[in-house]
Amino acid sequence: MILHTSLGNNAFKRSRELKILLDNNEITFAGNLKLKIYGTLDCTSGKRMKVQNRVFFSAGAEAIDLGYRPCGHCMPGAYKKWKATVS
């Protein structure tokens, strides 16, 4: 898990570091630290979150192992599967 704020002390530096990680395929999912939800990088819900709450994962399994649940907006199939296991 990579905290978005750990990528740099200003928006420009964070965006440059993030681009490098994306270009190297080191990041495939993003999540919300407070809500414990993860989803795809192009999720509209995820794009609205505050930088201090944003985290990145190399794989969905990493997010699940850390106690995150799939986003119901961008990952409806995975969310339904997760919901069935907790209900």
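The values are calculated or read from the model by the stated rules, or taken from the named source; none is laboratory data. Note that this is a predicted model, so its numbers are computed, not measured. Here Cβ is always computed from backbone atoms with ideal geometry, including for glycine, and neighbour counts include all displayed protein chains. Side chains included, ligands, DNA and RNA excluded: accessible areas come from the protein's heavy atoms. Shrake-Rupley method; radii C 1.70, N 1.55, O 1.52, S 1.80 Å.
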Name the residue, out of Leu21, Leu66, Leu41, whose mean-square fluctuation peaks in a Gaussian network model built on the chain with Cα pairs under 10 Å.
Leu66
Can you pull out the trypsin sites (Lys or Arg not before Pro) in segment 39-87 whose DSSP state is coil and whose Cβ has at most 15 other Cβ atoms within 10 Å?
Arg48, Lys50
Of the labelled options [x] 15.8; [y] 13.2; [z] 14.4, which one gives Kirkwood radius over Cα pairs in Å as computed for this structure?
[y]
With +1 on the Cβ of every Lys and Arg and -1 on the Cβ of every Asp and Glu, the dipole magnitude of the chain about its Cα centre, in debye rounded to the nearest 20, is 420 debye
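Keeping all protein chains in place and using 1.4 angstrom, which order do Ser45, Ser6 fall into by accessible surface area, from largest down? Please report the intermediate quantities before stating the final value.
On the way: Ser45 45, Ser6 80 Å².
Listed by decreasing accessible area, they come as Ser6, Ser45.
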Give me the angle, in degrees from 0 to 90, between the Cα long axis of helix 11-23 and the longest principal axis of the Cα atoms of the chain, rounded to the nearest 10.
60 degrees
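Given the Cα-Cα distance of Lys50 and Val86 and 0.36 nm per residue of separation, how much length would full extension add, in nm?
On the way: separation 36, 0.36 × 36 = 12.96 nm, distance 2.75 nm.
Contour length minus Cα-Cα distance gives 10.2 nm.
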Check the straight Cα-Cα distances from Lys81 and name the aspartates and glutamates below 18 Å, setting aside those fewer than 8 residues away within the same chain.
Glu62, Asp65
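Over the chain, what is the mean sequence separation of C-alpha contacts under 8 Å (at least six apart), divided by residue count, expressed as relative contact order in percent?
Working: 121 pairs, mean separation 26.1, N = 87.
Computed value for the chain: 30 percent relative contact order.
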Return, ordered by residue number, the residues of segment 42-57 whose backbone nitrogen is under 11 Å from a label point located 7 Å along Cα→Cβ of Thr5.
51-54
